[in-house]
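Below you'll find the structure, written out as structure tokens, and then a few comments.
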Amino acid sequence: MMNNGTAAISVRELRVVRGGRAVLDGVTFDVPRGTVTGLLGPSGCGKSTLMRSIVGVQVVASGAVEVMGRLAGAPRLRRSVGYVTQAPSVYRDLTVGENLRYFARVLGARDGDVERVLDEVDLRSNVDIVTGRLSGGQEARVSLAAALLGSPDLLVLDEPTVGLDPVLRRDIWALFARLAESGTTLLVSSHVMDEATRCERLLLMRAGRILADDTPGALLERTGSTDIESAFLDLVEQAERSAA
Amino acid sequence: MNPRITLATAGRVLAQLRHDHRTMALLVAVPCVLMSLLAWIFDGTPMFDRIGAPLLGVFPFVVMFLVTSVATLRERTSGTLERLLTMPMSRLDLLLGYALAFGLLATVQAAVVTTLSVTALGLDVAGPVWLLLVVAVLDALLGMALGLLVSAFAATEFQAVQFMPAFVLPQSLLCGLLVPRDTLDTALRLVSDVLPLSYAVDAMRDITASDTVGPGTWGDLSVVGTAIVVALALGAATLRRRTP
Ligand SMILES: Nc1ncnc2c1ncn2[C@@H]1O[C@H](COP(=O)(O)OP(=O)(O)OP(=O)(O)O)[C@@H](O)[C@H]1O
Ligand SMILES: [Mg+2]
């Protein structure tokens, strides 16, 4: 287990109840700073709920969530945590540029920052287009660009590569790696298992619990599998066997 | 609270409206057409002078109620509200940003409709016309504050639109527009006493009837002002950073 002082995210015994059901139940893990950590698991397992808890917009039943040593959602964190919701959260009736300039002003980021993030998600040529007229993947990238404004220390990205073609996905993952190299911590959710190999660490989730918290290499070794997908299935079987 | 963020938000709301030419045109044209229609229906009778001025206050109230309840519902459901609340944005910034933008819009609307009414349509106003504008803008802000409040209780835009007849029609029926308030049945009179629109209409009527502005008018206006603040405070309470 990581030392709390160095962890970017530290979650202890987190329990979240939504719609009368425990959606997260006893979730505990740490995310070390300056890494790309993948949050993988089947649809409905609680990835988005966990991310909402980390950025401090989820009502939690019990447990503790700390981000860079502060309680999740603390006012001091609001400049240093970038968050991309699963559905693109941008104003569809504004142009790409208007969206980004607005969020930049709210964050107090420099105006030049808008150009920088537009280049990073490869949308510079779309700056004057109304966001609602973009393709799904382009709109998702506007949402991602908004989270990159102000260069936050932690990026919490809920399925940022959905709807992107292989080339763009490769570019976006290269961007994540560059950001991590410069000290940014990234938590990226996905239910596409092949994205796992691009992460330094993996959190595998199932039905509101963490199944595994390790490096991709160690996971493969532990389960004797050749790919993360079969490693995941293996872990699920193990968990079911030990529960039975 | 941060003036930079408040102004950025007002600018963003205005930019959204600017992209929506049809809504802008309807906002100004519909009250003009309705006022003209009324003037025509009551041609040659004193009725237009009696209900014309109060209507100048009812239009912005209804319109801003509708626009705001749908706009805030969109913020809530599109995830932009969630994103903003993870940023260094206070709820007051958001509310004041909306109030500034819609206040400005209401001023334009009221200025056009009032000008048309007192010139081409021959509405007689004994008191100062600028005060009619002030009341119209206050009514708009009241509609905005109530719209914001009810949007918290609507899950869909269909529901939000249904709140219009539920919240706005009873106020319009009891505010003295149809029947003078002092001729109402005691029970109805008491209800109309607690509805803020009644005071706005009283003020409008005083301004049209007498060329001096008495303490009664200022009293009515301060009731409307208080109602705006109370509704905004309740609306702010419904903007939660953490949701279930
Ligand atoms: N607003 C809500 N109210 C009640 N229950 C909810 C709500 N949102 C999600 N849930 C439930 O919480 C559980 C976890 O949802 P969550 O969105 O966190 O899953 P996820 O892992 O992100 O799934 P996906 O990969 O499909 O995005 C689901 O079973 C879902 O039914
Ligand atoms: Mg999800």
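The values are calculated or read from the model by the stated rules, or taken from the named source; none is laboratory data. Please read all numbers here as calculations on a predicted model, not as lab measurements. Note that we place each Cβ from the backbone using ideal geometry, even for glycine, and neighbour counts take in every protein chain shown. Side chains are part of the model used for accessible areas, which takes the heavy atoms of the whole protein and leaves out ligands, DNA and RNA. Shrake-Rupley method; radii C 1.70, N 1.55, O 1.52, S 1.80 Å.
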*What list of ³J(HN,Hα) couplings, whole Hz, do you get for region A:6-22 from phi and the Karplus terms 6.51, -1.76, 1.60, once you set θ to phi - 60° and write x for glycine and proline?*
9, 6, 6, 10, 9, 10, 10, 6, 6, 10, 10, 10, 10, x, x, 10, 6
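With Rg and the Kirkwood Rh both taken from Cα atoms, where does Rg over Rh land for chain A?
Result for chain A is an Rg/Rh of 0.97.
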*Roughly speaking, what is the centre-to-centre gap between region A:11-42 and region A:180-244 when only Cα atoms are used, to the nearest Å?*
13
*Helix A:136-148 versus the longest principal axis of chain A: what angle, 0 to 90°, nearest 10, using Cα atoms?*
90
*Can you give the % of DSSP beta bridges in the protein assembly as shown that are antiparallel, to the nearest 5?*
55
*asked:* Defining a contact as two alpha carbons under 8 Å apart and six or more residues distant in sequence, what relative contact order in percent does region A:36-187 show?
replied: 28
*Compute the long axis of helix B:215-238 from its Cα atoms, compare it with the longest principal axis of the Cα atoms of chain B, and write down the angle in degrees, 0 to 90, nearest 10.*
20
_Residues listed by number, region B:116-155, amide nitrogen under 13 Å from residue B:194 label point at 7 Å toward C-beta_ = none
*asked:* I'd like the per residue volume of the convex hull spanned by the Cα atoms of region B:148-241, given in cubic angstrom.
replied: 115
_For residues of A:78-90, the mean tally of beta carbons on other chains within 10 Å_ = 4
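Which percent of the accessible heavy-atom area of region A:1-83 goes to carbon and sulfur, probe 1.4 angstrom?
Heavy-atom surface of region A:1-83 belonging to carbon and sulfur, 1.4 Å probe: 49 percent.
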*asked:* From the gyration tensor of the Cα coordinates in the protein assembly as shown, what semi-axes in whole Å does the equivalent ellipsoid have, largest first, with each one equal to sqrt(5λ)?
replied: 54, 23, 18
_Of B:6, A:46, B:114, which is farthest towards the positive pole of the protein assembly as shown's charge dipole, taken about the Cα centre with +1 and -1 on the beta-carbons of Lys, Arg and Asp, Glu respectively?_
A:46
_Can you sort B:130, B:40, B:218, A:173 by solvent-accessible area, 1.4 Å probe, largest first?_
B:40, B:130, B:218, A:173
_Could you tell me the relative contact order of chain B? Use alpha-carbon pairs under 8 Å, at least six residues apart, and round to a whole percent._
28
*How high is the FRET efficiency from residue A:241 to residue B:25, r the C-beta distance, R0 60 Å, rounded to 0.05?*
0.35
*Nearest 10 degrees, 0 to 90: what angle lies between the long axis of helix B:21-41 and the longest principal axis of chain B (Cα atoms)?*
20
*When each pair of different Cα atoms in region A:1-53 is counted once in the 1/r mean, what is the Kirkwood radius in angstroms, to one decimal?*
12.1
_Using each residue's phi in region A:55-64, evaluate 6.51 cos²θ - 1.76 cosθ + 1.60 at θ = phi - 60° and report the 3J(HN,Hα) Karplus result to the nearest Hz, with x for Gly and Pro._
8, x, 10, 9, 6, 10, 7, 7, x, 10
_Kirkwood-type radius of chain B, with distances r between different C-alpha atoms, in Å_ = 18.5
*asked:* Could you identify which residue out of B:58, B:150, B:194 has the top mean-square fluctuation in a GNM of chain B using Cα springs shorter than 10 Å?
replied: B:194
*What is the calculated FRET efficiency for residue B:238 to residue A:225, with r their C-beta to C-beta distance and R₀ = 56 Å, to the nearest 0.05?*
0.70
_Could you tell me the extents of region B:1-88's C-alpha atoms along the three principal axes, largest first, rounded to whole Å?_
59, 26, 21
*Calculate one ³J(HN,Hα) per residue across region B:134-140 by plugging θ = phi - 60° into the Karplus curve 6.51 cos²θ - 1.76 cosθ + 1.60, and present them in order as whole Hz with x for glycine and proline.*
4, 5, 4, 5, 4, 4, 4
*Regarding region A:10-143, what whole-number volume in Å³ per residue does the convex hull of its Cα atoms give?*
136
_Long-range amide H partners of residue A:80 with built H, under 5 Å_ = none
*Quick one: in region A:111-244, what % of C-alpha pairs are over 24 Å apart?*
39
*Quick one: in region B:78-170, what % of C-alpha pairs are over 17 Å apart?*
63
